[in-house]
1. Please find, in a Gaussian network model of the chain (springs between Cα atoms separated by less than 10 Å), the residue of Arg99, Arg130, Arg246 whose mean-square fluctuation is greatest.
2. In percent, how large is the relative contact order of region 59-196, given Cα pairs closer than 8 Å and 6 or more residues apart?
3. Which net charge results when you count Lys and Arg as +1 and Asp and Glu as -1 among the other residues whose beta-carbon is under 13 Å from that of Ala20?
4. Would you calculate the separation in nanometres between label points at Arg269 and Ala168, each defined as 7 Å from the Cα along the Cα-to-beta-carbon direction?
5. Please compute the modelled spin-label separation between Asp319 and Arg130, points set 7 Å along Cα→Cβ, answer in nm with one decimal.
6. Can you list the residues, at least 5 places off or on another chain, whose amide H is less than 5 Å from the amide H of Gly18, using H built in the peptide plane?
7. Report the Stokes-Einstein translational diffusion coefficient (µm² s⁻¹, integer) for region 219-328, Rh taken as the Kirkwood radius over Cα pairs, at 4 °C with viscosity 1.567 mPa s.
8. Under 15 Å from the Cα of Lys113, which aspartates and glutamates turn up, not counting those fewer than eight places away in the same chain?
Amino acid sequence: MKSGSIAEVRTGTMIVNGYATQNMTQELLNFWAKDLTYVTYYSYGFNAQGDLIPLSDANLLQYAYNSGVAPLMALTPYNEYGEYSYDLTRIIFTDPNVRDRLINNVVLNVLGKKYFGMVFNFGYIAPQDREQFVITVSKTTARLNSVAALVMVSLTPGLYDAGIDYTALNKAANFLELKAFRQAFGNESPGPLSSSEGIYNFLAFNRVLDPRKVLLGISNYGYDWAVPFPESYLPAQMLSNDDAERQAQEIGAVIQYDDRSKAPFYLYRDNAEIQHIVWFENEASIRSKLQIVDEFDLGGISIWTIMDPFPAGIKAIRDSTPVLKVKV
């Protein structure tokens, strides 16, 4: 990590963050590297004592530095079994000693492994923990900013809002990532994975937020549902945006565009004559989200995930505001 590595979004540039898992390769990161400011490695967990649960990230960090992309570490309340646990979050919020130990371990990890900062990926926050979440983020930001590292908080507007003080977190952290997508699972009903309408309305209603400290979270995946759902008893299948478009071409499906959500979809029948609907992202839908970034003067975008190539998305990014790069 270099001195002065906290990126202040300059006029005429935007930040692009991309999430990666332990399956990241040098070749795949190289594909994205020119168009990334940060790569966030997903994810560290922690235990009830405030110790980090290690992530095998030595190769990942080397890939980042080789590619000229600044690495961030994600922190999620995962236990030693890789399971999400709100009990861990509650301990952090109710025991100041454990919280301070966790923050100290994050700082040591950032310094020791040369991360450029961290991302709070806590998801649900109970309403009674709303203030403690802000305090935790504020304390972490103070510590990390003192060593020229940043703090980002990942949030999903419209989900668990009772526990989220957006205005306070906007001040407490260096950046807020506002996800404009749902991380759908196979048992959810068909529909757009990312609605421009929803995040536009949220931003229009929350103009008190410092927009340059906000990154718009966008998705890099699609889902293929058998319909009617759930009567088909078939779980939806995730596929990459490239594969979704390729499948449409191969089967001759007509790609349509939902004007309200600004999202593409198509219908087809499989060999068993079962009807399917596929929702995904393409160049047009990414452009619509980048228009929101421009209209509200946001700091940039954050992509979940960069584990699949997305040439159409990259084209939209390159045709938009130049990507901010930080020295690694």
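1. Arg246
2. Across region 59-196, relative contact order equals 20 percent.
3. Here the charged neighbours net out to -3.
4. For the pair Arg269/Ala168, the computed spacing is 5.7 nm.
5. Label-label distance for Arg130 and Asp319, simple model: 4.2 nm.
6. HN-HN under 5 Å from Gly18: Tyr38, Val39, Thr40, Ile303.
7. 84
8. Within the straight-line cut-off, Lys113 pairs with Asp57.
No lab work stands behind these numbers, since they all come straight from the coordinates. Just so it is clear, the model here is predicted, and its values are computed rather than measured. Note that we place each Cβ from the backbone using ideal geometry, even for glycine, and neighbour counts take in every protein chain shown.
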